[in-house]
Amino acid sequence: MLGETGPEWLSEEVKTGTTIIAIEFNGGVVLGSDSRVSAGASVVNRVMNKLSPLHDKIYCALSGSAADAQTIAEMVNYQLDVHSIEIGEDPQVRSAATLVRNISYKYKEELSAHLIVAGWDRRDGGQVFATLNGLLTRQPFAVGGSGSSYVYGFVDAEYRRGMSKEECQQFVVNTLSLAMNRDGSSGGVAYIVTIDEHSTEEKVVLGNNLPTFFDQ
Amino acid sequence: MAMLTVSRPPLGGFSFENCKRNAVLEGEVNKVGCSLPTARKTGTTICGVVFKDGVVLGADTRATEGMVVADKNCSKIHYISPNIYCCGAGTAADTEMTTQIISSNLELHGLSTGRLPRVATANRMLKQMLFRYQGYIGAALVLGGVDCNGPHLYSIYPHGSTDKLPYVTMGSGSLAAMAVFEDRYKPDMEEEAAKQLVRDAIAAGIFNDLGSGSNIDLCVITKGKVDYIRPHDEANKKGISTEGKCFGRVTGDYKYKGGTTGVLTKVVTPLDLELVDESVQTMDTS
């Protein structure tokens with residue numbers, strides 16, 4: 001226990017090598033993530049929910065270093081609580097995304113985490129923001145994490161404007177399933193969060209219920 | 001995961017390439033009169049499980065300093081508060097000091113709130129401290145306890161990430177222990193079943209991981225009661241065991257009968273000691 005070099009897992013940082021996706025529809029957003037957390041070659045948590053609440057109707061999807069991502073999400077959760085008390089109403093999604101972006105930009109050399117912020121607010125409805133490397137951009141949909149590389153083609157080809165809530169949920173589940181099949185660092189179960197004006201719904205899709213494709 | 005090596009497709013099964021090289025090396029080294037170095041042992045096995053009424057924490061008891069076992073029976077389950085205990089893997093000094101600091105801060109916090117501390121509070125304090133030090137504090141912890149919201153179990157990594165799960169393992173023997181958990185864990189177990197499961201998981205780590213060993217300590221935390229069982233299972237009793245034994249049973253004896261070794265010569269040299277100075281210093285025991 002007091003060895004000089006120590007076991008490999010001690011120095012291997014815990015990463016959420018992952019697949020995350022968020023998509024906007026008319027009246028809300030759908031977020032999705034896988035559930036695998038790895039340290040080196042070992043999976044340390046196979047059921048982690050990477051969709052973290054920042055506020056009642058604003059969630060963020062975590063990827064990259066687990067410690068960095070969790071810390072950013074918790075800090076912004078706290079800052080949003082204070083902010084919403086100060087303004088006396090629910091915060092805007094853009095405010096949450098800006099808070100995340102400010103931390104990501106200021107500490108961009110030290111941190112290695114990417115958070116996608118998505119939610120619903122009264123002013124602009126459903127919104128998805130990407131905060132990679134400290135930028136802030138609103139997009140109709142965003143994918144992130146190591147598994148996203150394998151599904152850029154799929155999402156670019158399959159995305160259509162004006163999809164309904166159910167179509168968006170199916171799109172998210174299909175994307176996650178494809179990415180989890182190809183990316184070694186993504187796997188486990190799929191977590192889906194649907195946020196709209198009336199409710200925030202969290203759902204888990206277990207492995208055997210994920211959609212299958214040609215090679216399964 | 002997306003890289004494809006084009007040099008030569010890897011053949012299935014175990015690669016014996018290094019065995020020939022090792023045999024050649026061993027021959028060469030033996031010619032000089034030395035022997036090849038043996039495997040270095042570092043590491044530990046700690047785990048925890050949530051059962052119906054609380055949590056059970058388990059740990060092995062070996063502490064190694066490089067190639068030598070420094071402590072055959074060290075205590076890896078640390079006190080945090082009356083209802084919260086924490087197992088520590090990694091650098092011994094780091095786990096010891098980190099748990100003591102957070103235990104002290106939690107006690108002050110409890111005096112300020114006037115309530116029994118919650119496991120989530122201890123988790124937040126630990127993760128924020130470890131994150132602040134960016135992984136340089138090599139403390140990997142399994143934190144468990146029972147508070148007003150029920151039993152909770154967290155695993156905390158050196159860089160500051162945490163996972164809240166019904167069963168966790170940490171340390172070099174974590175894979176062996178997790179194999180046992182994944183096979184036999186069920187939600188809402190009884191206390192005896194949970195203790196047996198944790199004991200088996202630590203035993204798997206002790207016997208299958210080079211870095212873990214000695215005995216098994218358990219800590220059972222339920223609402224209002226803590227059972228610190230040390231040792232729960234002396235899996236490795238010291239002594240000689242006879243052929244065809246089952247593990248744990250020791251029947252041999254280190255003491256040899258008088259006269260086993262023959263005496264060839266006996267020389268007695270008395271040492272003359274001269275008393276030079278004698279003084280008495282009284283201790284203030286008031």
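Being surrounded by 14 or more Cβ atoms within 10 Å (Cβ to Cβ), within 12 Å of chain A (Cβ to nearest Cβ) and either under 21 Å from B:Ile206 (Cα atoms) or not aliphatic (A, V, I, L, M) (or both), is that true of even one residue in region B:95-104?
So far as region B:95-104 goes, yes, one or more of its residues are surrounded by 14 or more Cβ atoms within 10 Å (Cβ to Cβ), within 12 Å of chain A (Cβ to nearest Cβ) and either under 21 Å from B:Ile206 (Cα atoms) or not aliphatic (A, V, I, L, M) (or both).
Within the set of pairs 6 or more residues apart or between chains, which connect a residue that is over 18 Å from A:Val76 (Cα atoms) and touching a residue at least 24 places away in the same chain (Cβ under 8 Å) inside region A:131-148 to a residue that is part of a strand (DSSP E or B) and among the hydroxyl-bearing types (Ser, Thr, Tyr) with Cβ atoms less than 6 Å apart?
Close Cβ pairs (under 6 Å, with a partner that is part of a strand (DSSP E or B) and among the hydroxyl-bearing types (Ser, Thr, Tyr)) amount to A:Gly144/A:Ser63; A:Gly145/A:Ser63.
Just for region A:31-40: of the residues that are touching a residue at least 40 places away in the same chain (Cβ under 8 Å) and not in a loop (DSSP other than H, G, I, E, B), which one is nearest to the other protein chains (Cβ to nearest Cβ)?
Taking region A:31-40 and keeping what is touching a residue at least 40 places away in the same chain (Cβ under 8 Å), we get A:31-36, A:38.
Those left that are additionally not in a loop (DSSP other than H, G, I, E, B): A:31-33, A:38.
Working: A:Leu31: 20, A:Gly32: 20, A:Ser33: 15, A:Ser38: 10 Å.
Filtering first and then ranking leaves A:Ser38.
Are any of the residues in region B:157-177 of a type in the set (A, V, I, L, M) and away from chain A (no Cβ under 14 Å)? Steps first, answer last, please.
Let us first name the residues in region B:157-177 that are of a type in the set (A, V, I, L, M), namely B:165, B:168, B:170, B:175-177.
From the residues that got through so far, the ones that are away from chain A (no Cβ under 14 Å) too are none.
Scanning region B:157-177, I find no residue that is of a type in the set (A, V, I, L, M) and away from chain A (no Cβ under 14 Å), so the answer is no.
So, in region B:55-79, of the ones that are modelled with pLDDT of 95 or more and farther than 15 Å from B:Ala140 by Cα, which residue ends up surrounded by the most Cβ atoms within 10 Å (Cβ to Cβ)?
Per the criteria, the residue is B:Val56.
For region A:41-83, give me every one of the strands (runs of 3 or more DSSP E) that falls completely inside it and has 1 or more residues that are among the hydrophobic types (A, V, I, L, M, F, W, C), within 14 Å of chain B (Cβ to nearest Cβ) and surrounded by fewer than 24 Cβ atoms within 10 Å (Cβ to Cβ).
Details: elements: A:42-45, A:51-55, A:58-65.
Answer list for region A:41-83: A:42-45.
Can you say whether B:Tyr185 is more than 14 Å from every other protein chain (Cβ to nearest Cβ), surrounded by fewer than 24 Cβ atoms within 10 Å (Cβ to Cβ) and among the aromatic types (Phe, Trp, Tyr), as far as the supplied structure shows? Don't jump to the end; show me each part of the working.
Numbers: more than 14 Å from every other protein chain (Cβ to nearest Cβ): no; surrounded by fewer than 24 Cβ atoms within 10 Å (Cβ to Cβ): yes; among the aromatic types (Phe, Trp, Tyr): yes.
Answer is no for this residue.
Kindly provide the set of residues from region B:130-183 that are among the polar types (S, T, N, Q) and assigned to a loop (DSSP other than H, G, I, E, B), ordered by number. Walk me through how you get there before you give the answer.
In the first step, residues of region B:130-183 are kept if they are among the polar types (S, T, N, Q); the result is B:134, B:149, B:155, B:161-162, B:169, B:172, B:174.
Selection gives B:Gln134, B:Asn149, B:Ser161, B:Ser172.
Would you call A:Arg101 of a type in the set (Lys, Arg) and surrounded by fewer than 21 Cβ atoms within 10 Å (Cβ to Cβ)? Before you say what the answer is, go through the steps one by one.
On the way: of a type in the set (Lys, Arg): yes; surrounded by fewer than 21 Cβ atoms within 10 Å (Cβ to Cβ): no.
So A:Arg101 does not fit the description; no.
Here are the criteria: (1) more than 22 Å from B:Thr162 (Cβ to Cβ); (2) part of a helix (DSSP H, G or I). Tell me which single one B:Thr98 does not satisfy.
It fails just one condition, (1).
Could you tell me which residue of region A:133-152 is nearest to A:Arg101 (Cα to Cα), considering only residues that are within 13 Å of chain B (Cβ to nearest Cβ) and outside any helix (DSSP H, G or I)? Walk me through how you get there before you give the answer.
Our first condition is that a residue be within 13 Å of chain B (Cβ to nearest Cβ); within region A:133-152, this holds for A:145-152.
From what is left, the residues that are outside any helix (DSSP H, G or I) are A:145, A:151.
Working: A:Gly145: 17, A:Val151: 25 Å.
This residue is A:Gly145.
Of the residues that make up region B:192-206, is at least one basic (Lys, Arg), away from chain A (no Cβ under 14 Å) and without any contact (Cβ under 8 Å) to a residue 60 or more places away in the chain? Don't jump to the end; show me each part of the working.
Of the residues in region B:192-206, the ones basic (Lys, Arg) are B:195, B:199.
Keeping just the survivors that are away from chain A (no Cβ under 14 Å) gives B:195, B:199.
Adding the requirement that they be without any contact (Cβ under 8 Å) to a residue 60 or more places away in the chain leaves none.
Checked against the condition, which is being basic (Lys, Arg), away from chain A (no Cβ under 14 Å) and without any contact (Cβ under 8 Å) to a residue 60 or more places away in the chain, region B:192-206 yields no hits at all.
Pick from region B:123-156 the residues that are facing chain A (nearest Cβ under 7 Å) and touching a His at 6+ places or on another chain (Cβ under 9 Å): which of them is nearest to B:Ala89 (Cα to Cα)?
Residue satisfying both the conditions and the ranking: B:Gly135.
Looking at B:Pro231 and the list (1) surrounded by 23 or more Cβ atoms within 10 Å (Cβ to Cβ); (2) more than 11 Å from chain A (Cβ to nearest Cβ), which single condition is not satisfied?
Against the list (1) surrounded by 23 or more Cβ atoms within 10 Å (Cβ to Cβ); (2) more than 11 Å from chain A (Cβ to nearest Cβ), B:Pro231 comes up short only on (1).
The values are calculated or read from the model by the stated rules, or taken from the named source; none is laboratory data. All figures in this text were calculated on a predicted structure; none of them were measured in a lab. Don't worry about glycine lacking a Cβ; one is built from the backbone with ideal geometry, like all the others, and counts go over all protein chains shown.
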